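Please read the structure below before turning to the comments.
The values are calculated or read from the model by the stated rules, or taken from the named source; none is laboratory data. This is a predicted model, so every value here is computed, not measured. Backbone-built Cβ (ideal geometry, glycine too); neighbour counts: all protein chains shown. Accessible surface areas use protein heavy atoms only, side chains included; no ligands, DNA or RNA. Shrake-Rupley method; radii C 1.70, N 1.55, O 1.52, S 1.80 Å.
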Amino acid sequence: MAEEMTGKNFIEQIIEKDIAEGKVPKIVTRFPPEPNGYLHIGHAKSILLNYGLAKQYGGQFNLRFDDTNPTKEKTEFVESIIADVKWLGADFGDRVFFASNYFDQMYEAAIKLIKKGKAYVCDLTPDEIREYRGTLTEPGKNSPYRDRSIEENLDLFERMKNGEFPDGSKVLRAKIDMASPNINMRDPIIYRIARMNHHNTGDKWCIYPMYDFAHPIEDAIEGVTHSICTLEFEDHRPLYDWVVMELGYKDSPDGTPKQIEFAKLYLTNVITGKRYIKKLVEDGIVDGWDDPRLVSIAALRRRGFTPSAIKKFMELVGISKSQSSVDYAMLEYCVRDDLKLTAKRYMAVVDPVKLVIDNYPEDQVEYLDVENNQENEELGSRKVAFSKYLYIEREDFMEEPPKKYFRLFPGNEVRLKNAYFVKCVGFEKDEDGNVTTVHCTYDPETKSGSGFEGRKVKGTIHWVSAESAIDAEVRLYENIIDEEKGKLNDDGTLNLNPNSLVIKQGCKLEKAFEDAQPGEAFQFLRNGFFCVDSKDSTSEHPVYNRIVSLKSSYKPGK
């Protein structure tokens, strides 16, 4: 057994021990989001972990919505979560469950606790409940309503359900131990009165179970064997066990369902808090919950990140009990590593300036054979038009270059990628002093693939033929947080990066891009990886998002 455990994370070790001891006939895991917002990169870790474990051990993975708080829940969020989980490749089949599907059973479970003398109706106000609860160093004290009779509690709880009392006037509490060193065990609230329209049950209920009461019941009903959650629920585990034992779902603390906690994923300088994202959306700073500067799963998908890259990232991060932060550059590294072999490499000029080859025939168009990805022959090749009039990047020409600048400047010769050597013989400026046109001559003997070795050049630049260029909008994204200043200002507001989005209009793309589909990713030669924006791009006005640049600050193994 010890040899078999080598290389296993602590959750795998627990599961394999349970299997070996015959405690579980079949592994069942679940991802239990609250439908009160969009999922983010941290949720992806939980999704892939729970699904991966079920798949690894031949078990079952469920998607379940813990919809016990209708004040913040929307059908929009339910639909977005389903789309996110599917996109990540976590197969839940037809097993989409809702806590609200079990409200009748939860109500009956509460009745059972009352009849056992393990729950009571309390009339204390929220402030009084907090006062009676005590502190981390001082025990709490019993509610004056704690010793109500079973008959009175049954009557009051039914009347709560029937809507006879105002919102917040009464709660149902578990009767456990007000002197417990774990504050979560000091007679926690398990039901409250709240007249709210529920996205799934409408106006059927005016009382709703609390998450800590509902969650273990849901797990037990669905046959979940290992209820995997993040570390902030570690102190809630005794309550989880108390609920399932008192309700007869298991006979011992080491049975099933079993709650296991792991460390959350913390990425440096990103925003995951729903209240911060909501404010960014409401203030118009970002373009909705799927703005590519965010790390919601919808935003990562729109920006061009891939499920396989996110999975690789999670594998690098690993599973542990220790909280730590992960550099965002590691995620970008995983995306680059994934796309470098799968994305076609086309030429696109983001900041164009005209280039005229003075000695090239005026009406001639030449079609050059170009590989789509030099590292992956399976992606094939294409024909690229070459003509007298081209576009190049503005930064690829300088009138007075510094030392070690090997691109175009007066008198210098470079290779045009996959084409010819060209030599700068002049340039034009507008009245503001901006270069508008660069003039060159070409040497027809230097065509790529011809075997020419008469001389060498140090610089190679990309280009797009003007006769077939596609105009496009290109969006250059950076982290929405100013990384040098940190996430928050002293007053608690977000420290936003003013350059998190730069929009370039009039970019020039080669003709091969005309068939690009929404979400499709490419490498813009020398510029980075980009994808077609799935929200704003149209055939008349293509929009491309920069996924990541080509350079990485992350070094694997460090």
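Some notes on this structure:
- Condition check for Ile111: farther than 19 Å from Tyr249 by Cβ and either among the β-branched types (Val, Ile, Thr) or out of contact with any Ser or Thr (no Cβ under 7 Å at 6 or more places or on another chain) (or both): no
- Residue in the range 450-466 that is closer than 15 Å to Tyr360 by Cβ, open to solvent by 50 Å² or more (accessible area, probe 1.4 Å) and part of a strand (DSSP E or B) present: no
- Pairing each residue of the range 482-500 that is within 18 Å of Arg546 (Cα to Cα) with any residue that is open to solvent by less than 60 Å² (accessible area, probe 1.4 Å) and outside any loop (DSSP other than H, G, I, E, B), provided the two are 6+ apart or on different chains, yields C-beta distances under 7 Å for Asn497/Ile481; Ser500/Tyr477.
- Sole residue being open to solvent by 30 Å² or more (accessible area, probe 1.4 Å), within 24 Å of Arg237 (Cα to Cα) and more than 37 Å from the chain's Cα centre (by Cα), chosen from Thr137, Thr125: Thr137
- Scope the range 438-449; condition surrounded by fewer than 16 Cβ atoms within 10 Å (Cβ to Cβ) and either in a loop (DSSP other than H, G, I, E, B) or of a type in the set (Gly, Ala, Ser) (or both); matching residues: Gly449
- So Phe513, is it in a strand (DSSP E or B), out of contact with any His (no Cβ under 7 Å at 6 or more places or on another chain) and modelled with pLDDT of 95 or more: no
- Taken as a whole, the condition of being in contact with a helix residue (DSSP H, G or I) (Cβ under 6 Å, 6 or more places away or on another chain), open to solvent by less than 20 Å² (accessible area, probe 1.4 Å) and closer than 15 Å to Arg345 by Cα applies to Phe529.
- Against the test of being open to solvent by 40 Å² or more (accessible area, probe 1.4 Å), farther than 30 Å from Pro238 by Cβ and in contact with an Asp or Glu (Cβ under 8 Å, 6 or more places away or on another chain), the options Lys312, Lys278 yield a single qualifying residue, Lys312.
- Some residue of the range 324-333 being part of a loop (DSSP other than H, G, I, E, B), open to solvent by 30 Å² or more (accessible area, probe 1.4 Å) and touching a residue at least 24 places away in the same chain (Cβ under 8 Å): yes
- Output for the range 90-99, where each listed residue is open to solvent by less than 10 Å² (accessible area, probe 1.4 Å) and either more than 23 Å from the chain's Cα centre (by Cα) or at positive phi (or both): Ala99
- Verdict on Met106 being surrounded by 15 or more Cβ atoms within 10 Å (Cβ to Cβ), in a helix (DSSP H, G or I) and of a type in the set (A, V, I, L, M): yes
- Residues within the range 84-124 that are of a type in the set (Val, Ile, Thr) and under 16 Å from Glu151 (Cα atoms), tallied: 3
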